[in-house]
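Participant: Here it is: the structure, laid out below.
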């Protein structure tokens, strides 16, 4: 899968002219980044370029380590300009950073290379005047972009709406506009954040920045909807992607989000089932919500849930949140947990069930002599009162173990 580099939209000629004018006035390298520290405009060099600046020009954005460092300084929340320290290990010289705001919106960051962390009064005055003009220019561009994003958001939400008439009308608009190309296979991905310490607008910007590169790829046409701490990526593809391809896409999105956002946001991704037609986008969306719920509850998924890989958990996770509690754990399994040596016996039971009741494979997995395994299985049957040769009894215990897995992170569930 080919994905375009994650970078901000190029700045307008008007913004570029303001950047060039300021740089010539100061005799210093100047750049304007978006709130995620991705380059929008930059001036020519003045002999003060550093490896970060050169790498950014080549790649369209700084490397993730540099982005994390800059954002960790809190620049997105600064009420006024200030210096950030250089980092020799990153190849970063000190910079004077001005948050570019207009009517409460953080539109970007004006960065002036300042190797000795000093600026003359006339320089800071020139920077302040230029920053005001840049913010006004960027705000005009922001309004146009915001309208486009709002229209796209509305279309996505209608395409996955529960109401048949709503999504039918939305599908007609999407196809008539050619927004989704001619591909057939539909896939919906949901990204969810916890309400962390990040400002809402920074979280929205991060979600857009992480997903926009997947709107148009070599094999997919997509749309994005951002809604507070949630994002929806709807893609039409030439073919249904396999689990490995989905995992790569999800990992890249998570990597971007962990670069742009504070760890307190704890992002998770849910990928819906693969369906043949845009008519089933709503179904893939509902499945993606279930997969995101799995990602939140199961640490083993490492923040990425895929409906097609959930198995029986897909059914359990459709239970209402209030119903998914310890009362669902079968009493025989609770009795086993409370018994002497319960942890060892539970581990034996889990391995036995996951190996489809195969004695040789279970013994091998546990590195246990078969005689010892038989002894433990008899103990389990005596304690639980269930027959491990009975399919229904085995299903009861296996589902109980699966439910317990889901309960281990119940306090974090938010899908």
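Participant: Tell me which residues, restricted to the stretch 103-136, are surrounded by fewer than 18 Cβ atoms within 10 Å (Cβ to Cβ) and either within 35 Å of the chain's Cα centre (by Cα) or under 15 Å from residue 29 (Cα atoms) (or both).
Facilitator: Once the filter is applied, which keeps residues that are surrounded by fewer than 18 Cβ atoms within 10 Å (Cβ to Cβ) and either within 35 Å of the chain's Cα centre (by Cα) or under 15 Å from residue 29 (Cα atoms) (or both), the stretch 103-136 yields 103, 104, 105, 115, 116, 117, 118, 124, 126, 132, 133, 136.
Participant: Give the residue, chosen from 320, 360, 299, that is loosely packed, with under 14 Cβ neighbours inside 10 Å and touching a helix residue (DSSP H, G or I) at 6+ places or on another chain (Cβ under 8 Å).
Facilitator: Details: 320 fails: touching a helix residue (DSSP H, G or I) at 6+ places or on another chain (Cβ under 8 Å); 299 fails: touching a helix residue (DSSP H, G or I) at 6+ places or on another chain (Cβ under 8 Å).
Within the list 320, 360, 299, the selection yields 360.
Participant: Now for a different question. Given the criteria at pLDDT below 90, out of contact with any helix residue (DSSP H, G or I) (no Cβ under 6 Å at 6 or more places or on another chain), within 30 Å of residue 71 (Cβ to Cβ) and surrounded by 20 or more Cβ atoms within 10 Å (Cβ to Cβ), does residue 203 qualify?
Facilitator: It is true that residue 203 is at pLDDT below 90, out of contact with any helix residue (DSSP H, G or I) (no Cβ under 6 Å at 6 or more places or on another chain), within 30 Å of residue 71 (Cβ to Cβ) and surrounded by 20 or more Cβ atoms within 10 Å (Cβ to Cβ).
Okay, residues lined up against (1) farther than 23 Å from residue 62 by Cβ; (2) touching a residue at least 40 places away in the same chain (Cβ under 8 Å); (3) part of a helix (DSSP H, G or I):
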residue	(1), (2), (3)
201	no, yes, yes
206	no, yes, yes
222	yes, yes, no
232	yes, yes, no
250	yes, yes, yes
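Participant: Go through (1) touching a helix residue (DSSP H, G or I) at 6+ places or on another chain (Cβ under 6 Å); (2) in contact (Cβ under 8 Å) with a residue 12 or more places away in the chain; (3) crowded, with 17+ Cβ neighbours inside 10 Å and name the single condition residue 377 misses.
Facilitator: So the condition that residue 377 fails would be (1).
Participant: Follow-up. Quick one: would you say residue 261 is surrounded by 15 or more Cβ atoms within 10 Å (Cβ to Cβ), closer than 27 Å to residue 151 by Cβ and not assigned by TED's automatic domain parsing to the domain that holds residue 38?
Facilitator: Values: surrounded by 15 or more Cβ atoms within 10 Å (Cβ to Cβ): yes; closer than 27 Å to residue 151 by Cβ: yes; not assigned by TED's automatic domain parsing to the domain that holds residue 38: yes.
Yes: the conditions hold for residue 261.
Participant: Can you find even one residue in the stretch 234-241 that is farther than 28 Å from residue 168 by Cα, surrounded by 20 or more Cβ atoms within 10 Å (Cβ to Cβ) and touching a strand residue (DSSP E or B) at 6+ places or on another chain (Cβ under 8 Å)? Break it down into steps so the answer makes sense when it comes.
Facilitator: Pass one, the stretch 234-241, residues farther than 28 Å from residue 168 by Cα: none.
Looking for residues that are farther than 28 Å from residue 168 by Cα, surrounded by 20 or more Cβ atoms within 10 Å (Cβ to Cβ) and touching a strand residue (DSSP E or B) at 6+ places or on another chain (Cβ under 8 Å), one finds none in the stretch 234-241, hence no.
Participant: Only one of 116, 161 is at pLDDT 90 or above, in a loop (DSSP other than H, G, I, E, B) and under 30 Å from residue 282 (Cα atoms); which?
Facilitator: Values: 116 fails: under 30 Å from residue 282 (Cα atoms).
When all the criteria are applied, what remains is 161.
Participant: Now, a different point. Based on what the data block shows, is residue 256 more than 19 Å from residue 157 (Cα to Cα), touching a helix residue (DSSP H, G or I) at 6+ places or on another chain (Cβ under 8 Å) and outside any strand (DSSP E or B)? It would help to see each step written out before you state the result.
Facilitator: Values: more than 19 Å from residue 157 (Cα to Cα): yes; touching a helix residue (DSSP H, G or I) at 6+ places or on another chain (Cβ under 8 Å): yes; outside any strand (DSSP E or B): yes.
Criteria met by residue 256.
Participant: Tell me, yes or no, whether the stretch 264-274 has at least one residue that is in a helix (DSSP H, G or I) and on the phi < 0 side of the Ramachandran plot. Let's see the steps before the verdict.
Facilitator: At the first step, the residues of the stretch 264-274 found to be in a helix (DSSP H, G or I) are 264-265.
From what is left, the residues that are on the phi < 0 side of the Ramachandran plot are 264-265.
For the stretch 264-274, residues in a helix (DSSP H, G or I) and on the phi < 0 side of the Ramachandran plot: present.
Participant: Based on what the data block shows, is residue 145 crowded, with 18+ Cβ neighbours inside 10 Å and assigned to a helix (DSSP H, G or I)? Talk me through it step by step, then tell me what you get.
Facilitator: Working: crowded, with 18+ Cβ neighbours inside 10 Å: no; assigned to a helix (DSSP H, G or I): yes.
No: the conditions fail for residue 145.
The values are calculated or read from the model by the stated rules, or taken from the named source; none is laboratory data. This structure is a prediction, so every number in the text was calculated from the model and none was measured. Note that each Cβ is placed from the backbone with ideal geometry, even for glycine, and that neighbours are counted across all protein chains shown.
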